[in-house]
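Undergrad: Take a look at this one; I'll ask things after.
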Amino acid sequence: GGRERTSGVMSASTGTRGDAVGADDGEGRGSSPGTPGVHPVSCLTRAVHYPFLPGMASCFADYLGMAMLTPALPYFLSDLGMSATAVATWTGAITTAQYAGAACGNMAVGAMGDALGSRATLGATLFGDVVLFAATAFSKNVVALIVIRTLAGISSPLVASLHYILSRATSKKHTLEGVNAYSVSVNAGYAFGSVVVGLGYDDLGWFGLNVLSAVVAGVAMVTVLALVKSEAPAKRSPSVLRALGELPSLPEKGDETFGSPEAKKKATSVWRTGAMASHAVTAVNVGYQFMGFLVLFTLMAKQILKWSATTLGWSFMAIPIVNSLVMYYVIPPLIARFGVHALITYSSMGTMLTLGAFAVPAVHTSPAGVMLVTVCLVLCVVTVQVPNQMRIKLIADAFAPQAMGKITGASRVCFAVGQTLSPIVVAVLYTIHPSLAIGSMFLVVATVPIAFVLCGQAFFVDPVAKEAEGANAA
């Protein structure tokens, strides 16, 4: 009897690594109400015990704070008496500062997750959100705001959130569920933040909005501390890991394979693998396409569609809704049918075809053309982003199981680089000619299949675990 109880505990910890999951079965499903001897599980209990909930709460709170910042900035800066030119300049500078901070801090947060565990990392980064979002509320100096939002980007819990979710996924299907849960939380924070600014800025003002974002971050921090058990992993030497079978044994010096190309290949760091290089290029592309699309859509909605600011704001609500529908009803069957690599390949090709058509003046000067391309681009970008995020776990499991946090951090750095570069490049090229801005997006997405070729990655076949057998941790 004791042996069976121990086995049950180990099974739960394998599915969630220290979470209070209660009746969860490791795949995000609760116990069946009809199971003999098991009481029905309420919806609230299922939600609280959902294995990805702490990660979802963390990224929702962080993205809410970011989403409430950008649309409120122009109004806040205007209230300070700035000219239209100064408002535009400082809005861009403050927004870019947060992305630049994320690019600088993501690797450190990922390494912190590997060393200290999810509870400490999520708790610390969310505490940073509470302090820095509150500091934003009290700040009326643009230079101070740049410093504060840079620090907010550095301490962002997005990497820790994704790391938490991916480290608890137990299969490819479960990984897809976790990535979708992460993305839906990001989209929800983005959408809710935009709505709150649109409906509540006049009543809450700059101070009230940012205090609200700090309170939400505080609630997320309490959620993490309440649901995630301490799991600080002890540092184990390579010799201990080899003894446990978690790293390959070193060959004897007299072995004829010692120092051979085959042995060196097996000891290759994850950072030197074609899988990681191609993943990084794809992440930069997704960040560039995402922000490039937002800039293009904003400019064209105003100049071509002649939309008001209110109409444009509400239209942004459609983006997370479409994203969520695609993630839950389109991507899962496509990955089940074609695989992760094939979906990235097909979606990248679809993006190139869409942008090629968009570059034609007759298309990007037509309201119907702008709307049709907008829908196609949303579909293409999200169907590249989700499978590429799934590759984080696939790569970590194959090459560096002890360094998933670092790999997640590196992935988010690449994504942030694309996000940082895109608004500047696309906006400048758009002022010269819209086709040039669209052309820059085309060139960036073209690097994805090129990277797959140069890095020796299959376009349509997912790698199997044995291909990375014996690979060394980072």
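Undergrad: Out of curiosity, is S194 more than 22 Å from T121 (Cβ to Cβ), of a type in the set (G, A, S) and either in contact (Cβ under 8 Å) with a residue 60 or more places away in the chain or not in a helix (DSSP H, G or I) (or both)?
TA: It is true that S194 is more than 22 Å from T121 (Cβ to Cβ), of a type in the set (G, A, S) and either in contact (Cβ under 8 Å) with a residue 60 or more places away in the chain or not in a helix (DSSP H, G or I) (or both).
Undergrad: Which numbered condition in (1) assigned to a helix (DSSP H, G or I); (2) surrounded by fewer than 17 Cβ atoms within 10 Å (Cβ to Cβ) is the only one that T354 fails?
TA: Unmet condition: (2).
Undergrad: Of all the helices (runs of 4 or more DSSP H) wholly in segment 363-473, which have at least 1 residues that are open to solvent by 30 Å² or more (accessible area, probe 1.4 Å) and within 23 Å of K173 (Cβ to Cβ)?
TA: 367-399
Undergrad: In segment 287-299, which residues are open to solvent by less than 10 Å² (accessible area, probe 1.4 Å) and either under 16 Å from V186 (Cβ atoms) or in contact with a His (Cβ under 7 Å, 6 or more places away or on another chain) (or both)?
TA: Step one: filter segment 287-299 for residues open to solvent by less than 10 Å² (accessible area, probe 1.4 Å), giving 287, 289, 292, 296.
G287, Q289, listed by residue number.
The values are calculated or read from the model by the stated rules, or taken from the named source; none is laboratory data. If you're wondering where the values come from, they're calculated on a predicted model, not measured in any experiment. Every residue, glycine among them, receives a Cβ derived from its backbone with ideal geometry; neighbour counts consider all protein chains shown. Note: accessible area is taken over every heavy atom of the protein model, side chains too, but ligands, DNA and RNA are not part of it. Shrake-Rupley method; radii C 1.70, N 1.55, O 1.52, S 1.80 Å.
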